[in-house]
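Below is one structure, written out as structure tokens, with a few remarks after it.
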Amino acid sequence: MSFNTVTSSFKVTRRRRAPLAEAARVGLIAGAALVAFALIGAYAAMDKRHVVEDLLTLSQIACGLMVFAAGYATARDGRSGPAAALLHGLVAGAVAGACLALLVWLTVSVNLRATLVAASPALARALSLGAPVASTQALAQLPVLGALLAGLGAAVGLLPPAGRHAMTTGLGVVLVAGLFRDVFASMLDNLPDFTGPEIELFGPSGLNPGAAPVLFAAGAAFSLLRRRLTRRAGVPRSGASRLGSALLVAGVLVLPLVTNDFVAQVAMLVALYMLMGMGLNIELGLAGLVDLGFVAFFAVGAYTVALMCSSGPLAVADVSFWLALPVAIVLAACAGLLFGLPVLRVRGDYLAMATLGLGEIIRVLVLSDALGPYLGGSQGIIEIRHPSLFGLELKSPASLYYLALALAAVVAFVSWRLQHAKIGRAWLAMREDEDVAQALGIDPVASKLLAYTIGAAFAGAAGAVFAALIGSVYPHSFQLLVSINVLAILVIGGLGSLPGVLVGAIVLIGLPELLREFGEFRYLFYGIALVAMMHVRAEGLWPAAHARENVQPENAHA
Amino acid sequence: MREVSTSPPLLEVRGLKKAFGGMIAIQNVDLSVAQGAVHAIIGPNGAGKTTAFNCITAFVPPTSGRITLAGERIDGLPAHVVARHGIARTYQNVRLFPNMTALENVLVGQHRRLHATFWEAIAGSGRFRREEAEARVRALDMLDFVGIPHRAGHLARNMPYGDQRRLEIARALVGGPRLLMLDEPAAGMNPTEGRALVDLIERVRDRLGVTVVLIEHHMRVVMAVAQRITVFDRGAVLTEGSPAEIQADERVIAAYLGRRSGASGPAPAPLEPVVPASRLEARIA
């Protein structure tokens, strides 16, 4: 894979400027970001969402964070003393705020709406923050607010690492709690009420104003405490991280029970994408095969279950899901083998193109007149029966979540075992250098074909679960976008890393689903996050290589 | 100097030719490597040494010619089958698996020695566990053998250059080859490292019983370690002999300096190795 090589060529060499000019430049960049944020309509859309009840909206927080980051960045530049850094932060913030004030003034005095739809009076009103619209007070308060926020950012940037970490943790806790109010509120609803009605963490749409500082303090205190504990030799790091993963597993297991159906449904989707991610991880992460037609095998699995477990007119059989599941897996694997034979002799980019074609072929075939009578064409297949276990029908989102999770666990186990066997090492070697791997006795076509077949089988399993979850299958569920999403999960999580698949699925599938109020702006942030990610951490959130290094040094002298 | 056995040659190359389009890289190459020998191939850059290596290991398919290993024909076979016949190699510019640890690199080298199936690996059968444990021990032993036991857990790309070269040899050896082919193993090494390499090659031959063919420019290394030397020039074998014979051969010195007997005027001097006449003679003599 060449993601890393591509991104590492983007190393920017920064020219040295006078610090004040640099601060103004950072301020201008932040200001431009703010203006763009407002003009695309994101500000107005996200202004409806209160993170802290009646006090702070999501868009205000987003703008605040941009300015805060600008101040932080100027202070972290580290070329001047604390007082100067603070001043530079103030300057950057004031410049950024002034940009926004200019926008408000323009919106009111010039009619921009002909070209910029979002530059509406409503925007000007929202940005005046309660002051009379576009009054001197409204215009003046923006640079002042900006300067204050960026000054705060600079101050945090100047703190020693412990303090910085505590501040950012506290801020993060408040943000997460406010953003995912629904998840946490439903969890709290399901818990027995210890606190009594007078202390409520959440209001109807966000955090209660009283609760936000408490949470901030709690987060900061936790960070400081953790730092103190880990520094002391008493608590070894691995012990702490083991506790962390135990908590994570427990959280994953009880999640749908303590929250509402919507969260369970999102969790189910995450588990489903994890299944697919682990399939593609074998192909792309381990064997280095760029497969853009991954969704084809997903479709094979889904249609197999649909045809075998439906009471509809198109059904071939009406058997149990548990019988159809292995059939779906085997059929998907066969499809993988059949597709793999012609395409796996090509390498790299050509392989991506070939698989892209194959992925589309399946979808077009389903829609075609030839297969329409058997697969329902664009009408799809409906009335797929829910799987049942011990006479219990798995119907609720929570139970289906457990089904997907159980399958994901099995697939993760198989992946893990294969990864640490001869074949897994052969895949990794093929990814790194195909010619050298072959010179060591590895049959390239056979091992690629195996990777492709196993990946297809996993995708087939995911498709089978998908059909059972949704209860119906339509060709439009099997768009190229699904393949791309799975690919993005792997890249974000870290190629070849199993925990990375989990992290990637949560970040790319779970978070956007939970943040539905972002609407189409989700994809904007999605894109920004991807670009930023490739710049800052191209190897993924949970990279595989680092996990491997120095794992065995103590055994080295065995 | 060790005696070369009189048994039939391990590797026999007859009439090897490789043409890239219209450009003939090598032709009429005959090479015969005795069992248990260290056989060096020398020659100016562009003489076709690495091309011959690549043809023997099926990295590139030869245009024509016949290659046999211990009497079995191996030309025309794919590279992984040639490897299974018992040929392992290293590369002129080190080609490790950079994002894998040293231990993992050496484990990959054992690919053809491991027999547990796919299903056994998933089930974690007894044979699979036993085999993996043995493979680990073998890998660590091999890292120890080449002198980098402390590197086992390091990513290959983070290792110093000299250790990378050793790791590449370990990866090649751990598969239990009959013939080890080293492409400029001493490149970029100082005299001390060169001596350590000579020692390593001798241990490979004597303790592991592996026949070694090496391409090398460092004359000191070649003269110290090889029993037999083949000199390549302009895509063909110029001459072959014992180190003493090669040292005495006028044509070899001429080839290295770019002067050829019978040629009118001096041909363009090869860029590398930049060896002045006096120094070359000092090295060879």
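A few notes on this one:
- Any hit, segment B:156-163, residues being of a type outside the set (Ser, Thr, Tyr), part of a loop (DSSP other than H, G, I, E, B) and touching a Lys or Arg at 6+ places or on another chain (Cβ under 8 Å): yes
- Residue check for B:Thr57: crowded, with 20+ Cβ neighbours inside 10 Å, more than 20 Å from B:Leu197 (Cβ to Cβ) and of a type outside the set (Lys, Arg): yes
- Check on B:Asn158, polar (S, T, N, Q) and within 9 Å of chain A (Cβ to nearest Cβ): yes
- Selection from segment B:105-122 of residues that are farther than 20 Å from B:Val174 by Cβ and more than 8 Å from chain A (Cβ to nearest Cβ): B:Thr117, B:Trp119, B:Glu120
- Filtered residues of segment A:66-84 (kept if surrounded by fewer than 24 Cβ atoms within 10 Å (Cβ to Cβ), in a helix (DSSP H, G or I) and touching a Pro at 6+ places or on another chain (Cβ under 9 Å)): A:Ala84
Yes/no per residue for (1) in contact (Cβ under 8 Å) with a residue 12 or more places away in the chain; (2) buried (at least 23 other Cβ atoms within 10 Å of the Cβ); (3) hydroxyl-bearing (Ser, Thr, Tyr):
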site: B:Pro98; (1), (2), (3): yes, no, no
site: B:Arg113; (1), (2), (3): yes, no, no
site: B:Ser125; (1), (2), (3): no, no, yes
site: B:Arg129; (1), (2), (3): no, no, no
site: B:Arg138; (1), (2), (3): yes, no, no
site: B:Ala187; (1), (2), (3): yes, no, no
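- Any hit, segment A:307-323, residues being modelled with pLDDT of 90 or more, polar (S, T, N, Q) and either surrounded by fewer than 24 Cβ atoms within 10 Å (Cβ to Cβ) or within 18 Å of A:Gly336 (Cα to Cα) (or both): no
- Within segment B:43-66, residues that are within 16 Å of B:Ala19 (Cβ to Cβ) reach partners that are in a loop (DSSP other than H, G, I, E, B) and of a type in the set (Val, Ile, Thr) with beta carbons closer than 8 Å, at six or more positions or on different chains, in the pairs B:Thr51/B:Val60; B:Asn54/B:Val60.
- For segment A:505-558, filtered to residues that are at pLDDT 65 or above, part of a loop (DSSP other than H, G, I, E, B) and charged (D, E, K, R), the residue that is surrounded by the fewest Cβ atoms within 10 Å (Cβ to Cβ) is A:Glu520.
- Criterion: in a helix (DSSP H, G or I) and within 15 Å of A:Cys63 (Cα to Cα) - qualifying residue of A:Leu175, A:Leu139: A:Leu175
- None of A:Ser388, A:Ser415, A:Ser396, A:Ser378 is out of contact with any strand residue (DSSP E or B) (no Cβ under 8 Å at 6 or more places or on another chain), more than 26 Å from A:Val263 (Cα to Cα) and modelled with pLDDT under 85 except A:Ser378.
- Restricted to helices (runs of 4 or more DSSP H) entirely inside segment A:380-448, those with at least 2 residues that are within 28 Å of the chain's Cα centre (by Cα) are A:397-419, A:422-432.
- Unmet requirement for A:Leu481, which otherwise passes all of (1) of a type in the set (A, V, I, L, M, F, W, C); (2) touching a residue at least 24 places away in the same chain (Cβ under 8 Å); (3) closer than 30 Å to A:Leu314 by Cβ: (2)
- When each of B:Ala40, B:Ala83 is tested for being of a type in the set (A, V, I, L, M), in a helix (DSSP H, G or I) and crowded, with 24+ Cβ neighbours inside 10 Å, the lone residue that passes is B:Ala83.
- Looking across segment B:84-104, the residues that are on the phi < 0 side of the Ramachandran plot, more than 7 Å from every other protein chain (Cβ to nearest Cβ) and under 18 Å from the mean Cα position of the chain (by Cα) come down to B:His85, B:Ile87, B:Ala88, B:Thr90, B:Tyr91, B:Gln92, B:Asn93, B:Val94, B:Leu96.
- Within segment B:146-158, being crowded, with 20+ Cβ neighbours inside 10 Å, free of Cβ contacts under 8 Å to residues at least 60 places away in the same chain and of a type outside the set (Val, Ile, Thr) holds for B:Arg151, B:Ala152, B:His154, B:Leu155.
- Subset of segment B:110-164 (residues that are farther than 30 Å from B:Asp206 by Cβ, of a type outside the set (A, V, I, L, M, F, W, C) and under 25 Å from the mean Cα position of the chain (by Cα)): B:Arg157, B:Asn158
- Scan of segment A:449-504 for residues that are in contact with a helix residue (DSSP H, G or I) (Cβ under 9 Å, 6 or more places away or on another chain) and outside any helix (DSSP H, G or I), ordered by number: A:Ser472, A:Val473, A:Tyr474, A:Gln479, A:Gly494, A:Leu495, A:Gly496, A:Ser497
- Residue match in segment A:398-421 (condition: more than 9 Å from chain B (Cβ to nearest Cβ), surrounded by fewer than 23 Cβ atoms within 10 Å (Cβ to Cβ), more than 20 Å from A:Val501 (Cα to Cα) and free of Cβ contacts under 8 Å to residues at least 12 places away in the same chain): yes
- Between B:Phe20, B:Phe59, the distinction of being touching a helix residue (DSSP H, G or I) at 6+ places or on another chain (Cβ under 8 Å) and not β-branched (Val, Ile, Thr) belongs to B:Phe59 only.
- Single unsatisfied condition, A:Gly312 versus (1) over 24 Å from A:Leu275 (Cβ atoms); (2) touching a Pro at 6+ places or on another chain (Cβ under 8 Å): (2)
- Residue in segment A:121-129 that is over 34 Å from the mean Cα position of the chain (by Cα), surrounded by fewer than 20 Cβ atoms within 10 Å (Cβ to Cβ), in a helix (DSSP H, G or I) and modelled with pLDDT under 85 present: yes
- Odd one out for A:Ala296, checked against (1) surrounded by fewer than 24 Cβ atoms within 10 Å (Cβ to Cβ); (2) assigned to a helix (DSSP H, G or I); (3) over 20 Å from the mean Cα position of the chain (by Cα): (1)
- A:Val52 being surrounded by 15 or more Cβ atoms within 10 Å (Cβ to Cβ), at pLDDT 90 or above and closer than 30 Å to A:Phe202 by Cβ: no
The values are calculated or read from the model by the stated rules, or taken from the named source; none is laboratory data. All values derive from a computational prediction rather than experimental measurement. Cβ: placed from backbone, ideal geometry, glycine included. Neighbour counts: every protein chain shown.
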